[in-house]
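As structure tokens, the structure follows; a few thoughts come after it.
The values are calculated or read from the model by the stated rules, or taken from the named source; none is laboratory data. Keep in mind that what you see is a predicted model, and the values were worked out from it rather than measured. Methodologically, a virtual Cβ is constructed for each residue, glycine included, from the backbone with ideal geometry; neighbour enumeration extends over all protein chains shown. We work out accessible area using only protein heavy atoms, side chains counted, and drop any ligands, DNA or RNA first. Shrake-Rupley method; radii C 1.70, N 1.55, O 1.52, S 1.80 Å.
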Amino acid sequence: MSIIEVKNVTKQFGKFTALDGVDMQVNKGEVYGFIGPNGAGKSTTIRILLGIIKASKGSVQIFGKDAWQEAVSIHERIAYVPGDVNLWPNLTGGEVIDLFTKLRGKVDKGRREELMERFELDPTKKCRTYSKGNRQKVALVSAFASEADLYILDEPTSGLDPLMERVFQECVLEAKDAGKSVLLSSHILSEVERLCDRVGIIRQGKMIESGSMSELRHLTRTNLLVQTKQTMGDLGKIEGVHDLEEKEGAFSFQVDSEKLDGVIRYLSSFGIEKLESAPPNLEDLFMRHYEGDREPMREGEQDA
Amino acid sequence: MLSGRGTTTLLRFLVRRDRIRTPVFGSLLILITCMTTVALANLYNSSDSRQTMAETMVNPAMTAMLGKGYGLENYTIGAMMAHQMLLFTVIAMAIMNILLVARHTRADEEEGRVELIRSLPSGRLANLYATLILAFLTNMVIAILTGLGLYALGIESMNLEGSLLYGAALGAAGFFFATVTSIFAQLSENARGTIGLSFTLLGISYLIRAVGDVSNDALSMVSPLGWILGSEVYVTNKWWPIVITLTFSVLLMIVSCVLYSKRDLGAGLLPTKPGKRNASASLLSPFGLSIRLQRTGLISWAVGMFILGASYGSVLGDLDSFFVENEMFQQLLNPENGHSLTEQFLTMMMSVLAMVSTIPALMSVNKLVGEERKGRVELLLSKKVSRNRLLGSALVLSTIVSFIMLSLTALGLWTAGNLSMENGMDFWNVYSAAIVYLPAVLLIVGFGILIIGLLPRVTIAGWIYLMFSFFVVYLGGLLEFPEWLSGISPFGQIPELLVEKRNYLPVFIVTVLAGLCVVVGFVGYNKRDIQA
């Protein structure tokens with residue numbers, strides 16, 4: 001069952017097209033990673049989801065309701081953490097958390113205390129004295145203290161230390177275990193890799209890639225550094241080998257994950273002296289998208 | 001310790017940041033000053049008409065409002081213009097300086113920008129030095145240009161020395177409040193507190209001078225505004241007030257530099273205490289939140305409005321006896337229609353007081369756009385809060401604010417008036433004469449809502465409308481504007497209950513217009529994007 005259903009959404013600010021035919025689907029009980037470079041349209045998409053701005057074209061449904069028309073009733077079941085948490089300087093963190101949870105509806109005092117302890121937040125301080133990370137903690141505590149069905153998190157960990165980031169990840173996984181859905185926009189790719197079931201990549205207002213993590217993993221490449229006894233033939237011609245470089249008699253290159261077997265067989269025929277491999281990671285894949293690499297992609301290639 | 005390395009570079013940077021704001025303010029100020037002078041010169045072109053004007057100046061209300069009249073035996077255009085304009089122009093300069101210094105000191109510090117500068121090889125005090133030098137230069141330029149501008153008008157009674165003294169009075173007072181603000185920027189740890197404390201001091205200075213000018217000259221000498229008015233521009237041209245004001249400014253400047261060099265960056269010298277762990281139930285709604293955010297400001301305004309009303313009321317007794325003695329005034333205000341002169345004077349003041357009461361109401365409603373620009377409206381709308389509820393909360397709050405401010409003004413006026421007059425006034429008469437302006441205040445508020453719904457980028461429009469109203473209603477009589485012009489302002493439409501027939505039709509029309517503005521504003525607010 002899909003919780004968020006975005007179809008062909010376009011958003012224009014004057015002449016500038018911020019979003020251009022964006023599709024997105026987030027299912028119940030899944031953590032959806034939403035990534036893309038700065039200014040790609042992540043926050044714009046999220047603000048449309050929240051009914052704070054209106055899509056110029058296309059349909060946006062959350063829980064089967066229109067995100068603009070029925071924003072208020074949708075928000076009863078949504079918890080949102082913005083990337084740039086701007087709070088009222090003269091209220092304390094505790095007061096803001098109470099305000100947010102109350103305005104959302106359901107209040108769970110015990111959960112609030114527990115989360116403040118886990119995030120090590122001092123709620124008696126005025127918001128003007130909080131660092132960015134502490135302001136994010138305020139937003140995170142108030143989000144996870146409410147019994148939402150959908151969590152929309154816009155770069156929620158950009159100011160948190162690694163320990164707090166782990167607490168955050170635990171909270172997301174707890175929500176997921178409880179059958180909640182999460183839309184997580186993030187630049188921290190290890191976080192996305194660890195938490196998300198599916199990922200969508202947006203660039204220049206268009207979704208250029210989306211799919212499950214395992215699908216995307218097929219798109220990743222393994223980094224290899226090889227030295228052989230005999231001189232190799234033209235390695236660059238072998239299918240699946242990229243970015244070939246020669247370094248002091250050794251070759252470093254990337255191999256498409258599903259072509260790895262064939263490449264290794266080919267290499268071993270020359271007698272391997274040294275073989276170093278770096279594990280396949282999504283980072284390189286994301287980087288390729290972030291940098292706007294025009295190499296052919298197997299699916300979702302709309303960015304030519 | 002007191003190093004100012006990099007001050008000149010920073011100064012150039014600050015000039016660049018203010019390259020639009022300050023020139024616009026300065027040119028407007030000079031333009032308005034010169035235009036008013038020309039208008040006065042044209043209106044009062046005979047010495048008879050000026051002497052008549054001089055007669056009206058010798059009363060406690062005018063003294064409280066503008067300072068003591070001087071040179072009245074030979075009331076020249078220069079004396080008239082300086083008496084009527086100097087104090088309020090000085091206040092405008094003070095406000096500009098308070099905002100300028102707060103912006104470049106505590107506000108920058110609060111936002112972490114000073115930290116960036118301090119991390120560079122710049123002196124610890126460079127930012128404060130640069131700000132103070134900027135303030136000094138800004139005031140000096142405005143002072144000289146105003147002086148030259150007034151002299152250039154070529155009005156007989158306005159010689160070069162007087163004109164330059166007029167400018168110098170503006171500049172010196174402006175710089176004084178710049179240095180005052182630089183002190184408060186060290187005491188308070190945020191820009192809001194800095195501006196609040198500075199404005200409070202400005203308000204107290206005005207009140208002390210008002211009371212002092214009416215009752216006790218020595219008291220006026222406690223107030224920096226009292227010093228400035230001692231210059232008697234265009235009559236005796238005394239320069240000592242400029243010297244005193246600048247001397248005190250230099251002392252304050254030194255103190256603020258020492259305070260700044262001793263404290264930690266980001267810290268304030270006034271203590272702060274830990275806040276609440278839990279929100280009280282009254283905070284937990286958009287309405288409660290608005291009240292909480294505006295509480296301090298609104299309470300200050302409420303006290304201020306009561307005092308303002310009372311300060312007018314306190315002179316009513318003197319005014320009454322003054323009117324009795326003054327035959328000319330009796331003719332001027334034409335008491336034939338059975339209303340006392342005091343009542344007539346009161347009605348004139350009522351519309352002005354109502355317009356002042358509108359300021360906190362409009363500020364309150366515009367707060368919603370301020371919150372939007374800071375990304376906080378988004379935080380609320382992402383909860384179970386509808387746009388109607390949010391805008392409705394702002395509307396209800398500002399309506400209540402309008403009502404309270406008007407009521408307190410009337411109460412202050414009546415209370416102090418009763419104490420000072422031999423025959424007391426009927427409370428309901430005074431109160432209804434004030435509260436009849438509520439629809440006019442609400443029309444400005446409604447106009448504010450309309451702007452929020454349709455053109456949130458130009459919230460200044462509400463202020464322009466209010467300033468226009470003030471200009472045409474208050475100065476309109478003096479400068480003899482055509483009547484239709486003051487009709488555009490809702491305050492010009494409201495019947496003057498104490499002296500006019502009770503014609504409620506305009507009140508009704510203004511109320512309906514206010515309602516219409518509100519409806520359009522709500523529709524627009526529901527349709528538009530919330531700004532990032």
Open item on the list: Probe radius 1.4 Å, ligands and nucleic acids left out: can you give me the accessible area buried at the A-B interface, summed over both chains, in Å² to the nearest hundred?
Closed with: 3400
Open item on the list: Given points 7 Å out from each Cα along the Cα-Cβ axis, report the B:Glu111 to A:Asn86 separation in nanometres with one decimal.
Closed with: 1.1
Task: Area of A:Asp20 that stays accessible when all protein chains are in place (1.4 Å probe, Å², to 10) - done: 70
Open item on the list: Taking R0 as 51 Å, what FRET efficiency do you get between B:Phe468 and B:Val258 from their Cβ-Cβ distance, rounded to the nearest 0.05?
Closed with: 0.70
Task: Restricting region A:193-292 to GluC sites (Glu not before Pro) in coil, as DSSP defines it, with at most 11 other Cβ within 10 Å - done: A:Glu239, A:Glu248
Open item on the list: Suppose accessible area is computed on protein heavy atoms with a 1.4 Å probe; arrange B:Cys34, A:Cys171 from highest to lowest.
Closed with: B:Cys34, A:Cys171
Task: Residues B:Glu161 and B:Gln51, FRET efficiency given R0 of 35 Å [Cβ-Cβ distance, rounded to 0.05] - done: 0.90
- [ ] Please give, to one decimal in nm, the separation of the simple spin-label points placed at B:Met348 and A:Ser190, each 7 Å out from Cα toward the Cβ.
- [x] 7.7
- [ ] Let me know the mean shielding of A:92-101 by other chains, meaning the per-residue number of their Cβ atoms within 10 Å of its Cβ.
- [x] 6
Open item on the list: With just the Cα atoms defining each centre, how far is region A:45-76 from region B:236-308? Give it in Å.
Closed with: 42
- [ ] Obtain the nm distance between the two label points defined at A:Arg111 and B:Leu270 by a simple spin-label model: each point lies 7 Å from its Cα along the Cα-to-C-beta direction.
- [x] 4.0
- [ ] For chain B, return all DSSP H helices satisfying: extent of Cα atoms along own axis at least 27 Å; mean Kyte-Doolittle hydropathy at least 0.5.
- [x] B:21-43, B:77-102, B:126-152, B:160-187, B:191-215, B:240-262, B:286-314, B:341-373, B:387-420, B:505-527
Task: A:Phe286, B:Phe88, ranked by accessible area, largest first (probe 1.4 Å) - done: B:Phe88, A:Phe286
Open item on the list: For peptide A:116-129, what's the mean number of Cβ atoms from other chains within 10 Å of each residue's Cβ?
Closed with: 3
- [ ] Report, please, the projected area of chain A averaged over directions, based on the convex hull of its C-alpha atoms, in nm².
- [x] 18.5
- [ ] Provide the per residue accessible area, probe 1.4 Å, for chain A, rounded to a whole number of square angstrom.
- [x] 43
Open item on the list: Only bridges whose two residues both fall in the protein assembly as shown count here: according to DSSP, what percent of them are antiparallel, nearest 5?
Closed with: 70
Open item on the list: Given contacts defined as C-alpha pairs under 8 Å and at least six residues apart, what's the relative contact order of region A:221-280, whole-number percent?
Closed with: 52
Open item on the list: I need the GluC sites (Glu not before Pro) found in region B:431-532, filtered to DSSP loop residues with at most 15 other beta carbons within 10 Å of theirs.
Closed with: B:Glu480, B:Glu500
Task: Cβ neighbours within 10 Å from other chains - mean over B:277-283 - done: 6
Open item on the list: Can you find, among A:Asn8, A:Leu91, A:Gln25, the residue sitting farthest towards the positive end of the charge dipole of region A:1-123, where Lys and Arg contribute +1 and Asp and Glu -1 at Cβ?
Closed with: A:Asn8
TODO: With an 8 Å cut-off on Cα pairs and a minimum separation of 6 or more residues, tell me the relative contact order of chain B in percent.
DONE: 14
- [ ] Please give the residues of region B:270-285, grouped as numeric ranges, whose backbone N is less than 16 Å from a label point set 7 Å along the Cα-to-Cβ vector of A:Thr124.
- [x] B:272-280
Task: the protein assembly as shown, accessible surface, carbon-and-sulfur percent (1.4 angstrom probe) - done: 59
